[in-house]
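Can you read through this structure? Questions will come right after.
Laboratory data are not the source of any read-out in this text; all were calculated from the coordinates shown. Since we're looking at a predicted model, the values are computed, not measured. Neighbour counts are summed over all protein chains in view; Cβ atoms, including those assigned to glycine, are modelled from backbone coordinates with ideal geometry.
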Amino acid sequence: MANTSQKRILVTGGSGLVGQGIRTVAEKDPRADEEFIFLSSKDADLTDRNATKVAFEKYKPTHVIHLAAKVGGLYGNMRANLQFFRINMAINENVLSVSKELGVKKVVSCLSTCIFPDKTTYPIDEKMIHNGPPHTSNYGYSYAKRMIDVMNTGYNQQYGTNFTAVVPTNVFGPFDNFNLEEGHVLPGLIHKVYKCKENNTPLTVWGTGRARRQFIYSLDLGRLFLWVLREYEETEPIILSVGEEEEISIKEAAELVVKGFDFKGELIYDTTRSDGQYKKTASNEKLRKYLPEFKFTPIDQAIRETCQWFSSNYETARV
Ligand SMILES: NC(=O)c1ccc[n+]([C@@H]2O[C@H](COP(=O)([O-])OP(=O)(O)OC[C@H]3O[C@@H](n4cnc5c(N)ncnc54)[C@H](OP(=O)(O)O)[C@@H]3O)[C@@H](O)[C@H]2O)c1
């Protein structure tokens, strides 16, 4: 008889930053009752429902970690809000509806703290997602992500499914998108400092450096994702973040990257560039109630490791 406790875990977006973090953690500590399948866009274009269904029928997952998304930094989002909205809406609709149709036992999707209301009180928590419009710079991505929470509630209410979501803060680590125009702030800085060191040129940081962010290392996020998949049973999302006191300025982040590469050149702030949302401090109180002992990798160590990974993998990294 088939072992019903055996999990086949399909990870959509498995080739990206977060997916590779989960893969590293899962491979380090394999469990006999878990088998992982990591999908990329080359396996199936999840904006296409038929292709989504074919992939799900092929792998027959019992569990899904849904990461696949059109993801970008501030400048990429500002240029293409409509595309971010439409592509992400299509992917999420297809993944959740096919999961329901094929009887997947649990789906954990991925939201982001940058989808929360622009005008809010801090720290933000899980109950505030729908309390007001998101920042104008990334409204397309934000509304598409918020609809995952709406669909999770609806599917669970109407069909008794077990769909939930996590809310990470800014993620960084190996396999990130280090493209200077499209990527997020930290991988952008890592790429820039690498180049400045190589060419002996000053480092120009976009914006004033005053904006503040909570960064989470992809390997820490991978450990937390697997805990959510195995243990977390609420529909309401859970914020996966370091504590509020660990929020740092872009200036501090730039200085840690400079340290990570031992870069000795000058630092210039280009204040004609937008800072985006000044801060989006998130509370990890709910996470701490579940996992009071969880230890995050110190940020200087995590940034150093990512700088080293980027140097060693420059030829194949997404630049
Ligand atoms: N990065 C962050 O700071 C951050 C913060 C909070 C939440 N998140 C969320 O975390 C999740 C993963 O993000 P990430 O940073 O790992 O992004 P990423 O590195 O850009 O990876 C995106 C993944 O999605 C796949 N994908 C994109 N379009 C697809 C399509 N049409 N069909 C199938 N697969 C597609 C990509 O496949 P290919 O490799 O083949 O292109 C890749 O595996 C996303 O849901 C994102 O919203 C990210």
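When the C-alpha atoms of the chain are aligned to their principal axes, what extent does each axis show, in angstrom, from largest down?
Here the spans come out as 65, 41, 40 Å, largest first.
Also, quick follow-up: Would you work out if the range 1-107 is rounded, prolate or oblate? Take a ≥ b ≥ c from the square roots of the eigenvalues of the alpha-carbon gyration tensor; rounded if a/c is under 1.5, else prolate when a/b is larger than b/c, oblate otherwise.
Oblate shape, in that a/c is at least 1.5 and b/c is the bigger or equal ratio.
Mind pulling the angle between the C-alpha long axis of helix 49-59 and the longest principal axis of the chain? Nearest 10 degrees, somewhere in 0 to 90.
70
Now for a different question. Quick one: net charge of E34's neighbours, Cβ under 9 Å, K/R +1, D/E -1?
Every neighbour counted, the sum reads +2.
From the mean inverse distance of alpha carbon pairs (Kirkwood) and the Cα radius of gyration, derive Rg over Rh for the range 130-190.
1.10
Here's something else I'd like to know. Which whole-number percentage describes the relative contact order of the chain, with Cα contacts under 8 Å and a sequence gap of 6 or more?
Averaging sequence separation for qualifying contacts and normalising by length gives 20 percent for the chain.
Rounded to the nearest 10 degrees, what's the angle between the helix 139-159 long axis and the longest principal axis of the chain, both from Cα atoms, 0 to 90?
20
For the range 121-262, what are the per-bin percents of Cα-Cα distances with bins 10 Å wide, up to the bin holding the maximum?
Bins of 10 Å from zero give 10, 32, 34, 17, 6, 1, 0 percent of pairs.
Let me ask something else. Which distance in Å, rounded to a whole number, links the C-alpha centroids of the range 293-319 and the range 181-244?
The two parts, judged by their Cα centres, are 10 Å apart.
Additional query: With a point put 7 Å past each Cα toward its Cβ, work out how far R318 is from E181 in nm, to one decimal.
Each label point is offset 7 Å from its Cα along the Cβ direction, giving 1.6 nm.
So how strong a dipole does the chain carry about its Cα centre when Lys and Arg Cβ are +1 and Asp and Glu Cβ are -1, to the nearest 20 debye?
420
For helix 218-231, report the angle its Cα long axis makes with the longest principal axis of the Cα atoms of the chain; keep it between 0 and 90° and round to the nearest 10°.
Value to nearest ten degrees: 20.
Could you work out how much longer the chain between N162 and T297 gets when fully extended? Use 0.36 nm per residue separation minus the Cα distance between them, nm to one decimal.
Net length gain for the segment: 45.6 nm.
Looking only at the range 2-21, which residues have a backbone nitrogen under 20 Å from a spot 7 Å from the Cα of R31 in the C-beta direction?
2-12, 14, 19-21
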